[in-house]
Amino acid sequence: MSQPQDFVDVAIVGGGMAGVSLALMLQQSCPHLSVALLEQHPLPEAAASVELPSFDARATALASGSLQLFDRLGVWSQLREYAAPIRRVQVSDRGRPLGVSLRAQTEARASYDGMLGAVIENAALGPVLHGALSGTDVRLLAPARVLDVQMEEAGAQLQWSAGEDSPIQLLRAGLLVVADGVNSPLCRRLGIETEQASYSQRALVTTVGLQRDHGGVAYERFTPDGPMALLPLPRRHGQHRMALVWTSPEEDAAEIESLSADSFVRRLQRTFGWRAGRIECAGEVSSYPLSLSLAREQWRRDLVLVGNCAHFLHPVAGQGFNLTLRDCHGLAQSLARGGLAQNSSERLDLLQEYARSRQLDQQLTIGFSDRVPALFAAPGPLARGLRQFGLLGLALAPPLRAEFAGQAAGFGL
Ligand SMILES: Cc1cc2nc3c(=O)[nH]c(=O)nc-3n(C[C@H](O)[C@H](O)[C@H](O)COP(=O)(O)OP(=O)(O)OC[C@H]3O[C@@H](n4cnc5c(N)ncnc54)[C@H](O)[C@@H]3O)c2cc1C
């Protein structure tokens, strides 16, 4: 039995990294707008852990531009406690002598507070972001699974339910933000198509223990099978730790995932080399299929997509969430300027302006994430030459390096 419906200015579907970040930004930049965040999983109040897909065993490299955005939101001071600063990024091509090192001290344009970025475990990110939300006026509906949406002449109508035995409830919203992740069922319902290209690779993710301190260095290493990243993490119980993202062709990934812990560590050490010193142990390994997935439309009248449902990228340069944060910031700024106009053509203009303002950054970031692994995976002397030439160029030309670092850091766009 349906209950009477209520209304909010903005309804965000999905309480993952994208949805919760947008809700916090709207709360800060547009306090005049009423906002609801609907998440299908339960979110216990003041939970020490938040069990959502976003906040699993991965770690996220936050670019310096994202640190700045989180600082403005007032959450960086709490996140910092769980984060390891990135002071240097070391990029190398396996089997080749040349590498590039980007340092926070010298790449001023790409640094924030002496850091090129910071790495935080997603399991720590979730409670801080959701904790910050609990002190705001955002209406958090969880568990609240959105079953269907209908776009109306103005705004959208959502049908949601707290569980199988719970009644269907209705919520009307002036603006619907879809943030329900990759392969979004809501986008399918709305007839929004997605272009998808599989990389035929999986990302193996785990935390490794090392003999020596990482010294704030993030390693990005390209191998013929795919890129690998070892990212600094804070020490735990005296153990030096780094987060591993190891991309491999699907068949190899399945084999590597099935190795015993000792064999995994040996294989990792052989493949990655000794730049970070001896790898002593590894935690549980999880794996993620990799594809480039882009929604053909990111907005329509009274409707916007953010996060993985808008663009899901190769994790090679740790750009996905950083790009999403900049999208959320852009959207919050557009709504702060234009509010939710009453007139339908003004509402269209507002979202059009948002989309225009995000186009260049999205094109560059998506292109960067898509092309870099392909270039570094390509066999043959020409590709090898180009890679070495590219790394040499980065090593020798400060403006080029600043550009590269700026792109990776999410500045200057
Ligand atoms: C291996 C790997 C490593 C990565 N590393 C980095 C990195 O270092 N730096 C970086 O910037 N990015 C990184 N990323 C990208 C980053 O993880 C994504 O940008 C982020 O997960 C985006 O989350 P999201 O909120 O869009 O989607 P999700 O995490 O999928 O969240 C969607 C939410 O919507 C909810 N939901 C779904 N359907 C409904 C419904 N009908 N009703 C209500 N709720 C619903 C789900 O329960 C979920 O909580 C990485 C990605 C991968 C795969």
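If you stretched the chain out fully between SER286 and GLU353, how much longer would it get, using 0.36 nm times the residue separation minus the C-alpha to C-alpha distance? Present the calculation step by step, with values, prior to reporting the outcome.
On the way: separation 67, 0.36 × 67 = 24.12 nm, distance 3.94 nm.
Here the segment from SER286 to GLU353 would lengthen by 20.2 nm.
What does the charge count around LEU335 come to, taking other residues whose C-beta lies under 13 Å from its C-beta (Lys +1, Arg +1, Asp -1, Glu -1)?
Charge balance near LEU335 sits at -4.
Defining a contact as two alpha carbons under 8 Å apart and six or more residues distant in sequence, what relative contact order in percent does the chain show?
Details: 879 pairs, mean separation 86.9, N = 413.
Relative contact order for the chain comes out at 21 percent.
Measuring from label point to label point, each 7 Å out along Cα→Cβ, what is the ARG267 to THR136 span in nm?
Calculated label separation equals 4.2 nm.
So if we plug the beta-carbon distance of ALA254 and ILE168 into 1/(1 + (r/R0)^6) with R0 = 41 Å, what FRET efficiency do we get, rounded to 0.05? Intermediate values should be presented prior to the final figure.
Numbers: r = 41 Å, r/R0 = 1.00.
The formula returns an efficiency of 0.50 here.
Quick check for you: with a 1.4 Å probe and neighbouring chains kept, what is the accessible area per residue of the range 56-187, in Å²?
42 Å²
What's the center-to-center distance, using Cα atoms, between the range 275-304 and the range 221-245 in Å?
15 Å
Nearest 10 degrees is fine. How inclined is helix 398-409 to the longest principal axis of the chain, computing both from alpha carbons?
50 degrees
Considering only SER344, PHE264, GLN363, whose Cα is most displaced toward the positive end of the charge dipole of the chain, charges sitting on Cβ of Lys, Arg (+1) and Asp, Glu (-1)?
PHE264
Considering the options VAL75, GLN40, GLN150, tell which one lies farthest towards the positive end of the dipole of the range 36-162, charges being +1 on Lys and Arg and -1 on Asp and Glu at the Cβ, about the Cα centre.
Farthest towards the positive pole: VAL75.
Between ALA197 and GLN159, how high is the FRET efficiency from 1/(1 + (r/R0)^6) when r is the Cβ-Cβ distance and R₀ = 25 Å? Nearest 0.05.
Working: r = 33 Å, r/R0 = 1.31.
With a Förster radius of 25 Å, E is 0.15.
If each residue of separation counts as 0.36 nm, what is the full-extension length gain between ALA336 and ASP71 once their alpha-carbon separation is subtracted? All intermediate terms of the calculation are to be shown ahead of the outcome.
Working: separation 265, 0.36 × 265 = 95.40 nm, distance 1.88 nm.
Computed gain between ALA336 and ASP71 is 93.5 nm.
Looking only at the range 48-68, which residues have a backbone nitrogen under 20 Å from a spot 7 Å from the Cα of ARG109 in the C-beta direction?
Flagged as within label range: 63-68.
Below 8 Å, C-alpha to C-alpha, sequence gap of six or more: please give me the relative contact order for the range 175-313 in percent. All intermediate terms of the calculation are to be shown ahead of the outcome.
Details: 269 pairs, mean separation 54.7, N = 139.
The value is 39 percent.
For the chain, find the longest principal axis of its Cα atoms and tell me its angle to the long axis of helix 320-338, 0 to 90°, nearest 10.
For helix 320-338, the angle is close to 30 degrees.
Only helical DSSP H runs with n ≥ 4 go in: add -39500 (n - 2.57) per run for the chain, normalise by residue count and round the 222 nm mean residue ellipticity to 500 deg cm²/dmol.
On the way: 11 runs with 146 residues, N = 413.
When only DSSP H runs of four or more count, the value is -11500 deg cm²/dmol.
Could you tell me the relative contact order of the range 19-156? Use alpha-carbon pairs under 8 Å, at least six residues apart, and round to a whole percent.
On the way: 200 pairs, mean separation 55.3, N = 138.
The normalised contact order for the range 19-156 reaches 40 percent.
Determine the share of the chain's accessible area contributed by carbon and sulfur atoms, expressed in whole percent, with a 1.4 angstrom probe. Please report the intermediate quantities before stating the final value.
Values: 9270 of 18270 Å².
Of the solvent-accessible surface of the chain, carbon and sulfur hold 51 percent.
With θ set to phi - 60° and the Karplus curve 6.51 cos²θ - 1.76 cosθ + 1.60, what are the ³J(HN,Hα) couplings of the range 348-356 in order, to the nearest whole Hz, using x for Gly and Pro?
Working through the residues one at a time gives 5, 4, 4, 6, 5, 5, 4, 4, 4 Hz.
Based on the alpha carbons, how large is the Rg to Rh ratio for the range 196-266 when Rh follows Kirkwood?
So for the range 196-266, dividing Rg by the Kirkwood Rh gives 1.01.
With θ set to phi - 60° and the Karplus curve 6.51 cos²θ - 1.76 cosθ + 1.60, what are the ³J(HN,Hα) couplings of the range 7-24 in order, to the nearest whole Hz, using x for Gly and Pro?
Along the range 7-24, the couplings run 9, 10, 5, 10, 10, 9, 9, x, x, x, 4, 6, x, 5, 5, 4, 4, 5 Hz.
What net charge is computed for the residues neighbouring SER260, neighbours being all others with C-beta under 13 Å from the C-beta of SER260, Lys and Arg scored +1, Asp and Glu -1? Could the numbers behind the result be given before it?
On the way: positive: ARG266, ARG267; negative: GLU255, GLU257, ASP262, GLU284.
Value of the local net charge: -2.
Considering only DSSP states other than H, G, I, E and B, which chymotrypsin sites (Phe, Trp or Tyr not before Pro) in the range 198-297 qualify as loop sites with at most 10 other Cβ atoms within 10 Å?
Values: sites: TYR199, TYR219, PHE222, TRP246, PHE264, PHE272, TRP274; in loops: TRP274.
Those that pass, being in a loop and sparsely packed, are TRP274.
Between PRO232, TRP299, GLY277, whose Cα lies farthest towards the positive end of the dipole of the chain when Lys and Arg beta carbons carry +1 and Asp and Glu beta carbons carry -1, centred on the Cα centre?
Comparing the listed Cα positions along the dipole, GLY277 ranks first.
Under 5 Å between amide hydrogens, which residues at least 5 positions from GLY181 or on another chain qualify, with H placed 1.01 Å from N in the peptide plane?
ASN308, CYS309
Once the other residues with Cβ under 10 Å from the Cβ of GLY277 are scored (Lys, Arg +1; Asp, Glu -1), what is the net sum?
On the way: positive: ARG212, ARG275, ARG278; negative: ASP213, GLU280.
Local charge sum for GLY277: +1.
Between ASP370 and ASP6, what is 0.36 nm times their sequence separation minus the Cα-Cα distance? Round to one decimal in nm.
Result for the pair: 126.8 nm of gain on full extension.
Over the range 212-258, give the accessible area per residue in Å² for a 1.4 Å probe, as an integer. Before the final figure, lay out the partial values.
Details: 1920 Å² over 47 residues.
Heavy-atom SASA per residue in the range 212-258 reads 41 Å².
Report the charge-dipole magnitude of the chain in Debye, nearest 20, computed about the Cα centre from +1 at each Lys and Arg Cβ and -1 at each Asp and Glu Cβ.
Values: 37 positive and 41 negative charges, 362 e Å.
Rounded to the nearest 20 debye, it is 1740 debye.
Could you list which residues have their amide H under 5 Å from that of LEU140, counting only those 5 or more apart in sequence or on another chain, with H placed in the peptide plane?
Result for LEU140 returns LEU37.
Looking at the calculated P(r) for the chain, what percent of the C-alpha pair distances fall above 32 Å?
Values: 30706 of 85078 pairs.
When all Cα pairs of the chain are counted, 36 percent exceed 32 Å.
The values are calculated or read from the model by the stated rules, or taken from the named source; none is laboratory data. Remember, it's a predicted structure, so these values are computed and weren't measured experimentally. Counting neighbours? That spans all protein chains shown, and the Cβs are built from the backbone with ideal geometry, glycine included. Only protein heavy atoms, including side chains, enter the accessible area calculation; ligands, DNA and RNA are left aside. Shrake-Rupley method; radii C 1.70, N 1.55, O 1.52, S 1.80 Å.
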